[in-house]
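Taking it in order: structure first as structure tokens, then the write-up.
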Amino acid sequence: MTETAERRSTRGAANQAGARVNKDAYAQAADFLPLKGIDHVEFWVGNARQAAAYYRALWGFGPVAFAGLETKVRDRASYVMVQNGIRFVFTAPLTPEGEIADHVRLHGDGVHDIAFAVDDVESAWRETTGRGAVGVLPPAEADGGADGVLRRATIRTYGETVHSFIDRSSYHGLFAPGYRAVKRPARAATGLSLLEVDHCVGNVGLGEMDTFVDFYRDVLGFAQLIHYDDKVIHTEYSALMSKVMTNGSGRIKFPINEPAAGKKKSQIQEFLDWYLSPGCQHIALRTEDIVTTVRRLRDNGVEFLGLPHEYYAGLAERVGDVGVPIDTLEELGIEADRDEEGYLLQIFTRPVQDRPTFFFEIIERHGSRGFGVGNFKALFEAIEREQANRGNL
Ligand code: FE2
């Protein structure tokens, strides 16, 4: 794979140094594994009923399907929640034994499965396991009776996280066989416009980033889009390195982070210390109205990282017109960044469970396909203030 020249930008050029963009990434992605998109993300949590209520009442996800004791499932309860093109499943164990209880005891609440939509599960399984993927569940058909059959298979990725391949072409029921519709669903929060998963970030251990870069390239046919080294992602105290992998359509983007040496503890190391293995650090949800969405999320009680006034004092100079008054960005804590393709607006929540592990990003893109590299330093300093409050810096 050829690394191309450094990304240049008329604004914020200093911030871009150390970010190497591979403009040929989409063409380099191999086509042995056509992925149509992210079918769903499944979280394994301690209490799925309450997680579902949180995502309904604060985040505006509508409950669409349920599986549990009432559907003759004896070991787990699962709630399927949907908003536009985003489908989340929250699953909790009903007994102290088994893989879900083990997962929750070790990791706390977290992402278990980032599932891909595919046309051919058999082929996806054959192509990936043939290239070295560790299989978890071989191809199987779940019989939905009159609703048809759902085909799926599952492979491992970093830590205990997995990727399922899902083929819905012969299935016309709710989420999957065994699920039933939610009767009289409580009303979801309104006024939010979260549209789709923009990217999913994996945190891996020191020295493991390239292992998983190789995995996504060689086993899943992704290509490397960007390399941020520890010269670009650092503060006075800590640093990390990140490479962004993309599939051929650009619809699935997985940045992979590893900690780098610094005077104090990297936020990636804090995640690893509390998740107790590599895992999914954050999922970015794309919106086309970040101002209204973040205002509503804040009103509903979602907590976001705060940036200091100094960040906003220099923002107009750095990014120019981003369609929203700087005062409004500061009021809501939204960040902005610009590269040669356009600009983006983004904001990060605080961790959404008790452990300082998984969080969300909200992102609104206007041409930019980047990840807000110009904000990394201010963002990581904000995270370090929170790490210090937790006694984890
Ligand atoms: Fe992100």
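What follows draws every value from the coordinates through simple rules; no lab data is involved. Note that the coordinates shown come from a computational prediction; the quantities given were computed from them, not determined experimentally. For neighbour counting, all protein chains shown are included, and Cβ atoms are generated from backbone atoms with ideal geometry for every residue, glycine included.
For the stretch 297-302, the Karplus equation 6.51 cos²θ - 1.76 cosθ + 1.60, evaluated at θ = phi - 60°, returns couplings of 4, 4, 4, 7, x, 6 Hz by residue, with Gly and Pro reported as x. In this structure, the amide hydrogen of residue 240, modeled 1.01 Å from its nitrogen in the peptide plane, lies closer than 5 angstrom to those of 233, 260, counting only residues at least 5 positions away or on a different chain.
Cα centroid separation, the stretch 287-326 to the stretch 156-216: 27 Å.
Computed from Cα atoms, the angle from the helix 121-130 axis to the main principal axis of the chain rounds to 60 degrees. When shorter helices are ignored and each DSSP H run of at least 4 residues is given -39500 (n - 2.57), the per-residue value for the chain at 222 nm works out to -7000 deg cm²/dmol.
Indicate the gyration tensor shape class of the stretch 189-241 (rounded, prolate or oblate), computed on the Cα atoms with a ≥ b ≥ c the square roots of the eigenvalues: a/c under 1.5 is rounded; otherwise a/b larger than b/c is prolate and the rest oblate. Judged from the Cα gyration tensor, the stretch 189-241 comes out oblate (a/c at least 1.5, b/c at or above a/b).
Under 25 Å of direct C-alpha separation, and excluding same-chain neighbours fewer than eight residues apart, residue 264 reaches these lysines: 231, 243, 377.
For residue 112, nonlocal amide neighbours, meaning residues 5 or more places apart or on other chains whose placed amide H falls under 5 Å from its own, are 42, 43, 44.
Annotation for the stretch 336-373 versus the stretch 24-99: alpha-carbon center distance of 22 Å. For the chain, the relative contact order works out to 17 percent when only alpha carbon pairs closer than 8 Å and six or more residues apart are counted. From the Kirkwood radius over Cα pairs of the stretch 138-185, Stokes-Einstein at 10 °C and 1.306 mPa s returns a whole-number translational diffusion coefficient of 132 µm²/s. Rg over Rh for the chain works out to 0.95, using Cα positions for both radii and the Kirkwood form for Rh.
Placing unit charges on each Cβ (+1 for Lys and Arg, -1 for Asp and Glu) gives the stretch 115-209 a dipole about its Cα centre, and among 150, 117, 181 the Cα reaching farthest toward its positive end belongs to 181. Using only the C-alpha atoms, the convex hull of the stretch 37-181 corresponds to 112 Å³ per residue.
The charge dipole of the stretch 16-59, taken about the Cα centre with unit charges on the Cβ atoms of Lys, Arg (+1) and Asp, Glu (-1), comes to about 200 debye, rounded to the nearest 20.
When the Cα positions of 103, 59, 85 are compared along the charge dipole of the stretch 27-108, 59 comes out farthest toward the positive end, with charges on each C-beta of Lys, Arg, Asp and Glu.
Counting other Cβ atoms within 10 Å as a rough exposure proxy, the listed residues 167, 337, 214 run 214, 167, 337 from fewest neighbours to most.
Have a look at 24, 39, 339 and tell me which one the Gaussian network model of the chain (Cα, springs below 10 Å) gives the largest fluctuation. Residue with maximal mean-square fluctuation among 24, 39, 339: 24.
Shown here are the Rg and Dmax of the Cα trace of the stretch 127-207, at 17.2, 50 Å. Antiparallel beta bridges, as assigned by DSSP with both residues in the chain, represent about 85 percent of the total such bridges.
Its Cα centre serving as origin, the chain has a Cβ charge dipole (Lys and Arg +1, Asp and Glu -1) of approximately 740 debye.
Computed about the Cα centre, the dipole magnitude for the stretch 249-393 is approximately 520 debye when only Lys and Arg (+1) and Asp and Glu (-1) carry charge, each at its Cβ. Taking amide hydrogens as placed 1.01 Å from N in the peptide plane, the amide H of residue 76 sits under 5 Å from those of 94, each at least 5 positions away in sequence or on another chain.
3J(HN,Hα) couplings calculated from phi for the stretch 262-267 with the Karplus curve 6.51 cos²θ - 1.76 cosθ + 1.60 (θ = phi - 60°) are, in sequence order, x, 5, 10, 7, 5, 4 Hz; Gly and Pro show x. Each residue of the stretch 44-57 is assigned a 3J(HN,Hα), and the resulting list reads 9, 9, x, 8, 5, 4, 6, 4, 4, 5, 4, 6, 6, 7 Hz, derived from the Karplus form 6.51 cos²θ - 1.76 cosθ + 1.60 (θ = phi - 60°), x at Gly and Pro.
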